[in-house]
Every structure is written in C-alpha cells, then in structure tokens.
1. With θ set to phi - 60° and the Karplus curve 6.51 cos²θ - 1.76 cosθ + 1.60, what are the ³J(HN,Hα) couplings of segment 72-81 in order, to the nearest whole Hz, using x for Gly and Pro?
2. Please enumerate, by chain and number, the lysines with C-alpha under 21 Å from the C-alpha of residue 25, excluding those fewer than 8 residues away in the same chain.
3. What relative contact order, as a whole-number percentage, does segment 1-82 give when Cα pairs under 8 Å and 6 or more residues apart are counted?
4. For residue 15 and residue 36, what is the calculated FRET efficiency with R₀ set at 35 Å and r taken between the beta-carbons, to the nearest 0.05?
Amino acid sequence: MEITGKIILALPEQSGVSKAGNSWKKKEYVLETLDTYPKKVHFDFFGDKADQFPLNVGQTIKLSFDIESREYNGRWFTSIRGWKAEAADQQMPQQNVGATTISNNTVGTVPPPPDITSTGASDDLPF
C-alpha cells in the first residue's frame, strides 16, 4: 500500500535486545496526508529500514507500507510498518478520475469505464 504526505513529527529512535538475544531498533514518524481533510498517520521503520530511510520533519514523501495486527493479552494492536520511502513528486497535482483537463487550447477527458453490464462466458462471479 502507498500513501503520500508530509512528515510532521519524528519520534526518538528506540532500540533494545529481544528475548532471543537479537538487537533491534525502530524509528517512528507521523505523516499528514495532503487531502482536503488531512489525516495523521503514525508509522515506523524497523530494523535495517530504520537507517536506510532517514526522514526529516517537513519532508513530503510517498510511503510504501504494510499493515499488521496482532493480539496481546486479549487486546489487538495494529501497526503500519514502512518498507520504502521516497520523495513525493510535487510536479504532478492529483486529479480526480473523470475530470476534464485543459492544456494547449485542447480539451480532453478521461475515457469512460468499460461496459460491465453484458454477461460473458468467462464471468466467474457468483452473482
């Protein structure tokens, strides 16, 4: 999964040693989306990824991540674990699907979605 936003908070690095004797480290950040109604997303980089992707407050990034949930003492916890971060492309503004664009005195539209009302022999949906 991917999300684009601006880093608004970088939390201190955490490190330790697991029960198995392996050392670990984690860097946590808070990203704010660039949507009309921005959302804040807490995520982390764990292990080698913590040093591979150093991020700074104010930096706009595209984050690739996995979502993982786990149970502990009857409660569920969800984490967003980043596995790649790259500078967001600020040159291309986001456009709505089906929006009309005007450039160089020409008007173009996004083509309509394919017709899905006809039934075909390869339709494997149960309804």
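No value in this document is a laboratory result; all are computed from the given coordinates. These numbers were taken from a predicted model, which means no experiment stands behind them. Here Cβ is always computed from backbone atoms with ideal geometry, including for glycine, and neighbour counts include all displayed protein chains.
1. Result, rounded to whole Hz: 9, 6, x, 10, 9, 10, 10, 10, 10, 9.
2. 49, 84
3. It comes to 32 percent, rounded to a whole number.
4. With a Förster radius of 35 Å, E is 0.35.
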